[in-house]
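Asker: One structure coming up, written as structure tokens, with questions to follow.
The values are calculated or read from the model by the stated rules, or taken from the named source; none is laboratory data. Worth saying up front: this structure is predicted, and the values here are computed from it rather than measured. Here the Cβ positions follow ideal geometry from the backbone for every residue, glycine too, while neighbour counts run over all protein chains shown.
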Amino acid sequence: MTSKSDLYYSDYLELEKILNSQHPKSGFATDEMLFIVIHQAYELWFKQIIHEVDQVQEIFSKDNVNDNAGEMSIAVHKLKRVVKILEVLNQQVGILETMTPMDFLEFRNLLQPSSGFQSLQFRIIEAKLGLKLEHRYKAEYYKNTRPGGFNQQDYESISHVEKEATLKELIVKWAERTPFFDESLWKDYQNLFPVEKGSQKFWSDYKQMYGNSLSKAEQGRLDELEKVFYQEGSGDFSFHAMRAILFIMMYRNLPIFHLPFDLLTTLIDIDELLSQWRYRHMLMTRRMIGMRVGTGGTSGAGYLEGALRQHHIFKELTEVTTFLIERSKLPDLPMAVKEKLSFNTK
């Protein structure tokens, strides 16, 4: 006989609540059961993603994130877990696609005006990562609380999250704090080309090196380099942040840059997997309902196609590769910079 203090598997997981939370409107003879289970599984995974992103945001909200310390490693590890979860979410679409369009029609009208558009947790994930309301496709969809939109409580929850510092904004501040281009570190750097007036030594050289790497058809890219890394930056990233990111990507083989480079590539992975999920959702919607409107009143596949094109959170990181040069042509760093970037920095 077990004591009252013994923990039991089903009690710990509260399986009675979970396994009795599927209530098909059409009865159990249709594929609505599959539809419910898949979407409940989505929401559980969304909850875990929010949990992971919250902890990463907490790490990067500090004034100093030591790339040598455990915090950066923890942040990268948690974001890689998000990547694995998103891979599972993409795989789950294949299970849902075992339901045919005729199977879906058996219960689809019973779902109106509810819609996957109303997933509070997914909107919170997008907002926490850095997707702003003004950058959303059909932003007006997100502002209404009529049937098919959000209820007032969920709308206020999303609005509250959008007012907080996003992970993207925290990454920008982290990149801006990097000390790579303190002029005192570059005193011994021997320029390969004449230094432009008022320009930092390395970046004066880099403009010339990048220009030399371009084909005749790509010469216009030099103006983009000037804009992104010398004047305005790109999107939400200042030119100081963009310089740090490009520098990390170019010199990623330096031991101290292994984790920062891993961080940046993992953020790109997350963005790509979210796009894959939107793409698969769009294709599935076309397959299931053709060009009909969504149950929540959106344009259905048309809305999803627009969101796929527009909802890229970390596109600035992806576009950095436009401005790389061959590794063999990278200039050697001065000793002061190498010492600053070593694990022995005090």
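Asker: Mind checking which residues of region 287-307 are touching a helix residue (DSSP H, G or I) at 6+ places or on another chain (Cβ under 8 Å), surrounded by 15 or more Cβ atoms within 10 Å (Cβ to Cβ) and modelled with pLDDT of 80 or more?
Answerer: Passing the criteria: Met288, Ile289, Glu305, Ala307.
Asker: Hey, another quick one. Mind checking which residues of region 1-37 are touching a residue at least 12 places away in the same chain (Cβ under 8 Å) and either in contact with a Cys (Cβ under 7 Å, 6 or more places away or on another chain) or surrounded by 15 or more Cβ atoms within 10 Å (Cβ to Cβ) (or both)?
Answerer: Residues satisfying the conditions are Pro24, Ser26, Thr30, Asp31, Glu32, Leu34, Phe35, Ile36, Val37.
Asker: Follow-up. Residue by residue through region 174-194, note down the ones that are more than 13 Å from Lys338 (Cβ to Cβ), out of contact with any Ser or Thr (no Cβ under 8 Å at 6 or more places or on another chain) and of a type in the set (D, E, K, R).
Answerer: If the condition is that a residue be more than 13 Å from Lys338 (Cβ to Cβ), out of contact with any Ser or Thr (no Cβ under 8 Å at 6 or more places or on another chain) and of a type in the set (D, E, K, R), then Arg177, Asp182, Glu183, Lys187 are the ones that fit.
Quick grid of which residues meet (1) closer than 30 Å to Ser61 by Cβ; (2) among the aliphatic types (A, V, I, L, M); (3) touching a His at 6+ places or on another chain (Cβ under 7 Å):
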position: Thr100; (1), (2), (3): no, no, no
position: Ser115; (1), (2), (3): no, no, no
position: Gln118; (1), (2), (3): yes, no, no
position: Arg123; (1), (2), (3): yes, no, no
position: Lys128; (1), (2), (3): yes, no, no
position: Lys138; (1), (2), (3): no, no, no
position: Thr145; (1), (2), (3): no, no, no
position: Gln153; (1), (2), (3): yes, no, no
position: Leu170; (1), (2), (3): yes, yes, no
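Asker: Here is a list: Leu259, Leu246, Leu263. Which entry is within 14 Å of Trp174 (Cβ to Cβ), at pLDDT 95 or above and under 20 Å from the mean Cα position of the chain (by Cα)?
Answerer: Leu263
Conditions tested, residue by residue: (1) on the phi < 0 side of the Ramachandran plot; (2) within 32 Å of the chain's Cα centre (by Cα); (3) surrounded by 12 or more Cβ atoms within 10 Å (Cβ to Cβ).
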residue	(1), (2), (3)
Lys187	yes, no, no
Leu192	yes, no, yes
Leu214	yes, yes, yes
Gln219	yes, yes, no
Asp223	yes, yes, no
Phe229	yes, yes, yes
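Asker: Given the structure, is Glu16 of a type in the set (D, E, K, R) and over 21 Å from Ile85 (Cβ atoms)? Give the steps one after another, and end with the answer.
Answerer: Details: of a type in the set (D, E, K, R): yes; over 21 Å from Ile85 (Cβ atoms): yes.
Here the answer is yes, as Glu16 does meet what is asked.
Asker: For Gln276, all conditions in the list (1) surrounded by fewer than 16 Cβ atoms within 10 Å (Cβ to Cβ); (2) among the polar types (S, T, N, Q); (3) under 16 Å from the mean Cα position of the chain (by Cα) hold save one; what is the number of the exception?
Answerer: The failed condition is (1).
Asker: Before we move on, is His281 surrounded by fewer than 17 Cβ atoms within 10 Å (Cβ to Cβ) and either in a helix (DSSP H, G or I) or modelled with pLDDT under 95 (or both)?
Answerer: Values: surrounded by fewer than 17 Cβ atoms within 10 Å (Cβ to Cβ): no; either in a helix (DSSP H, G or I) or modelled with pLDDT under 95 (or both): yes.
Answer is no for this residue.
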